[in-house]
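Contents: one structure, followed by commentary.
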Amino acid sequence: GKLGRYPPWPGKIVNPPKDLKKPRGKKCFFVKFFGTEDHAWIKVEQLKPYHPHKEEMIKINKGKRFQQAVDAVEEFLRKTKGKDQASSHNSSEEKNRRNSSEERGKQSAGEEKRKASLSEGKLKKGTGEGKKRVSSVSSERGSKSPLKRAQDQSPRKRGRPPKDEKDLTIPESSTVKRVMTGTVAGFKWPPSVSEPVKDSDPHFHHFLLSQTEKPTVCYQAITKKLKVCEEETGSTSIQAADSTAVNGSITPTDKKIGFLGLGLMGSGIVSNLLKMGHTVTVWNRTAEKCDLFIQEGARLGRTPAEVVSTCDITFACVSDPKAAKDLVLGPSGVLQGIRPGKCYVDMSTVDADTVTELAQVIVSRGGRFLEAPVSGNQQLSNDGMLVILAAGDRGLYEDCSSCFQAMGKTSFFLGEVGNAAKMMLIVNMVQGSFMATIAEGLTLAQVTGQSQQTLLDILNQGQLASIFLDQKCQNILQGNFKPDFYLKYIQKDLRLAIALGDSVNHPTPMAAAANEVYKRAKALDQSDNDMSAVYRAYIH
């Protein structure tokens with residue numbers, strides 16, 4: 001955007017929460033914005049005194065919310081009349097120390113708008129009901145769609161953050177501005193977890209399921225992807241552990257890591273583990289897939305049992321419940337290498353019964369078990385931007401900290417074994433059903449004489465706009481179904497999600513309908529194509 005596109009906003013300097021670390025780089029202050037209950041780290045040069053610029057601010061922004069913010073400032077000033085209010089002409093640093101009411105300066109370049117401070121979360125988009133953690137700039141006044149903004153803010157490659165990245169802010173989206181009151185206004189700083197994970201990437205957050213909080217909605221910054229995450233549960237809430245490293249980089253664990261399964265997801269995970277300095281031993285059913293990783297510094301394991309016996313923590317990522325069981329219980333399998341203290345982390349997307357069975361046999365041999373299925377695709381795996389859903393041994397979850405930071409942007413700890421499997425199936429059920437609906441809409445447009453490209457353009461300007469929607473539609477429009485997430489695996493997940501519904505007598509008619517369409521696509525030899533190839537089930 002151009003300079004001046006984002007009007008300033010009044011705020012006051014406050015003391016940050018004691019467990020929130022100040023961004024490195026240029027001097028900045030922690031600012032609370034009037035009328036919003038939002039907070040952000042703001043650089044000194046982006047702060048101006050309130051009174052000298054009040055009229056200018058009012059001319060720039062005539063919105064109702066802005067007027068409410070100004071009213072809040074005036075009320076605050078009336079209550080603190082005895083204090084010196086922005087009359088000093090000292091240095092900008094002294095102004096910022098003495099002024100109790102400050103405004104948000106304009107962003108100086110388009111690139112800065114795509115970065116965020118440690119205290120911020122990227123705005124949640126896609127539903128039109130997005131909520132935000134912190135922001136200091138009011139609504140964007142332009143026609144740029146949420147999707148395009150999301151693409152502009154695409155994640156960087158892993159590693160040390162770029163200079164000055166931590167002390168900049170993101171403009172909020174116009175769809176978010178409408179819901180600033182209500183839930184967000186009641187935001188409270190999350191309590192720190194009693195045992196924070198050490199040596200952590202500041203661009204990664206662990207989430208822990210707590211049974212002790214009252215029903216609530218908690219907003220936490222996930223600053224690696226800069227996205228706000230919320231969870232509404234009947235008796236639980238999510239708390240973020242303090243996982244900020246002083247130097248902004250990952251310290252790899254000194255434990256020996258094993259990895260079994262080098263498919264679309266496993267390959268990207270292993271590559272990122274190696275890049276971040278982990279010692280990794282790999283095994284794959286077809287051994288030639290290991291060659292590339294041997295060249296990158298991995299060691300070769302001859303059997304799953306050998307990998308487990310020579311490594312401290314062994315991860316596995318295979319295709320389905322049968323493969324997961326065979327890997328553990330089969331000849332020269334994982335179980336044969338398990339001894340007391342050995343750790344096994346299954347990242348496969350399977351059903352809760354399967355993962356519970358595997359946990360039992362591992363633990364019966366003295367091993368430690370964690371399920372950790374991942375939400376994402378090949379591209380996100382390659383970029384180290386997966387979402388990890390973990391459950392089981394809490395201590396093992398913490399021991400895996402540097403590994404999860406290398407491979408993902410976020411990890412959730414969901415409690416006892418089986419919870420992650422259930423949650424993962426629900427996530428993929430929603431994704432698979434949505435993909436089938438996209439294909440259905442595009443084909444209906446075609447047969448009724450409507451432009452599929454225009455349909456995509458309309459969707460991208462609306463509340464459904466998302467990277468997923470755009471990428472999958474582009475696949476279809478270009479006829480490119482190179483797998484990013486195998487169609488056969490999303491069908492498997494739909495099947496397992498339907499079975500999960502059956503087990504508790506809960507109806508899943510949408511998933512059942514989508515499942516039939518994917519089965520049709522499989523019959524048309526689309527199994528090894530991307531899930532977007534479900535489109536072909538509608539044109540045959």
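The values are calculated or read from the model by the stated rules, or taken from the named source; none is laboratory data. Worth saying up front: this structure is predicted, and the values here are computed from it rather than measured. Note that we place each Cβ from the backbone using ideal geometry, even for glycine, and neighbour counts take in every protein chain shown. Areas reflect the complete protein model, heavy atoms only, side chains present, ligands, DNA and RNA absent. Shrake-Rupley method; radii C 1.70, N 1.55, O 1.52, S 1.80 Å.
Provide 538, 50 ordered by accessible surface of protein heavy atoms (probe 1.4 Å), highest first.
Putting 538, 50 in descending order of accessible area: 538, 50.
For segment 422-535, with every protein chain kept in place, what is the accessible area per residue (1.4 Å probe, Å²)?
Details: 5490 Å² over 114 residues.
Normalised by residue count, the accessible surface of segment 422-535 is 48 Å².
Any chance you could list P(r) for segment 422-535, counting all Cα-Cα pairs in 10 angstrom bins from zero, rounded to whole %?
Histogramming segment 422-535 at 10 Å steps yields 15, 45, 32, 8, 0 percent.
With every protein chain kept in place and ligands, DNA and RNA left out, what is the accessible area per residue of segment 306-390? Probe 1.4 Å, answer in Å². Don't skip to the end; give the middle numbers.
Working: 2800 Å² over 85 residues.
For segment 306-390, the solvent-accessible area averages 33 Å² per residue.
How would you rank 474-485, 447-458, highest first, on the average number of other Cβ atoms within 10 Å across their residues?
Output ranking for 474-485, 447-458: 474-485, 447-458.
Please label the shape of segment 295-445 as rounded, prolate or oblate, based on the square roots a ≥ b ≥ c of the eigenvalues of the alpha-carbon gyration tensor (a/c under 1.5 means rounded; beyond that, a/b larger than b/c means prolate, else oblate).
The shape class here is prolate.
Please count, across segment 422-535, the pairs of lysine residues with Cα atoms under 17 Å apart that sit 8 or more places apart or on different chains.
8
If R₀ is 60 angstrom, what is the calculated FRET efficiency for the pair residue 78 and residue 527, using the beta carbon separation as r and rounding to 0.05?
Using R0 = 60 Å, I get an efficiency of 0.30.
Among 434, 459, 506, pick out the residue whose Cα is farthest towards the positive end of the charge dipole of segment 427-540, where Lys and Arg carry +1 and Asp and Glu carry -1 on C-beta, about the Cα centre.
Among 434, 459, 506, the one farthest towards the positive end of the dipole of segment 427-540 is 506.
Give, in nm to one decimal, the length gained when the segment between residue 254 and residue 444 is fully stretched (0.36 nm per residue of separation minus the Cα-Cα distance).
Extra length from residue 254 to residue 444 when fully extended: 62.9 nm.
Whenever you get a sec, compute what percent of the accessible area on segment 235-416 sits on carbon and sulfur atoms (1.4 Å probe).
The nonpolar share, carbon plus sulfur, comes to 49 percent.
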